[in-house]
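Here is the structure we will look at.
The values are calculated or read from the model by the stated rules, or taken from the named source; none is laboratory data. The shown structure was predicted, so the numbers you read here are calculated from the model rather than taken from an experiment. A quick note on method: Cβ atoms are made from the backbone with ideal geometry, for glycine too, and the neighbour counts reach across all protein chains shown. The protein model used for the area step is the full one, side chains on, heavy atoms only, and it has no ligands, DNA or RNA in it. Shrake-Rupley method; radii C 1.70, N 1.55, O 1.52, S 1.80 Å.
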Amino acid sequence: MEQMIASLGFQFEKVKTWRSQSIWKSIFYVAIAVLFANALVYGVKWMGQPEVDEENLPSFQITEDGLRYEQSFAFDVPVLDLSVMVGEEQKTDVRQTLVLMESGWAFKRSGVETDLESYRTLLDFVGRSDVTERDLDVLLKELNWFYPIYVYGATMFDLILHFLLISLLALAGLGFRRFVPIRYKEAWTITAYGITAPLIVRSVIELLPINVPMLSVLYWATVGIFAFMTIRKIGDD
């Protein structure tokens, strides 16, 4: 707890004294922090998953021939950070969007869009010959089996990404060896504690209905600056 508070407060003088600790302690810290943050975010989203009221939805029908609808609308699936848009694409703050258009569907994630696909692939996935507004609530409930798989995969990817980028930033920190006596293990430990404040801020943002452009870049830039400032403090000794 003391280490978390010190790193959260950017207390570089204290953080630099931890560089000689076992690297396994630092690895454990990263693992617990990332796993807890993901469990909190996905847990809150899962509990807040709304039910779709098909009685208030505009009528539409998806068949292999295409999409027919009365008016465009959208609904969210928070646990997947997904917005499903029927008819036309709309502005949204979620990370992923499934856009259902007259001639086909497209999936977007963080600005990257797939090619327009035919509805046959989508209907094969849900195991139906057609989909209407009356089927949405049932379909979403049938997807309950997929949510744990998605959450597990997303959490493991986030954890592996943290280990990889911390390792790369620690490697970059060795560039200061000409001025500061530091080993790779020490640079890794210092960088690992740099995730504390960005991880908390990221978790809060993910639970709010807002979208911060280039959040990942800002996240890892903050971690890099934290490591740089701590290594500078070692050079002041």
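Of the residues V84, V94, V79, which single one is assigned to a loop (DSSP other than H, G, I, E, B) and under 19 Å from the mean Cα position of the chain (by Cα)?
Every option except V94 fails the conditions.
I'd like to know if the range 38-51 contains one or more residues that are at pLDDT 85 or above, over 30 Å from V223 (Cβ atoms) and surrounded by fewer than 18 Cβ atoms within 10 Å (Cβ to Cβ).
No, the range 38-51 contains no residue that is at pLDDT 85 or above, over 30 Å from V223 (Cβ atoms) and surrounded by fewer than 18 Cβ atoms within 10 Å (Cβ to Cβ).
What are the residue pairs meeting all of these: first residue in the range 201-214, first residue under 19 Å from V79 (Cα atoms) and modelled with pLDDT of 90 or more, second residue open to solvent by less than 50 Å² (accessible area, probe 1.4 Å) and assigned to a loop (DSSP other than H, G, I, E, B), Cβ atoms under 7 Å, and 6 or more apart or on different chains?
Matching pairs, first to second residue: I205/V212.
If you check every pair at least six apart or on different chains, which have Cβ atoms under 7 Å apart with a residue in the range 88-102 that is of a type in the set (G, A, S) first and a residue that is open to solvent by 90 Å² or more (accessible area, probe 1.4 Å) and part of a loop (DSSP other than H, G, I, E, B) second?
Between residues of the range 88-102 that are of a type in the set (G, A, S) and residues that are open to solvent by 90 Å² or more (accessible area, probe 1.4 Å) and part of a loop (DSSP other than H, G, I, E, B), there is no close pair.
Taking the range 1-54 on its own, how many of its residues are outside any helix (DSSP H, G or I) and over 13 Å from T196 (Cα atoms)?
Residues in the range 1-54 being outside any helix (DSSP H, G or I) and over 13 Å from T196 (Cα atoms): 12 in total.
Sort out which residues of the range 55-73 are without any contact (Cβ under 8 Å) to a residue 40 or more places away in the chain and either loosely packed, with under 12 Cβ neighbours inside 10 Å or of a type in the set (F, W, Y) (or both), and write them in order of number.
E55, N56, Y69, Q71, F73
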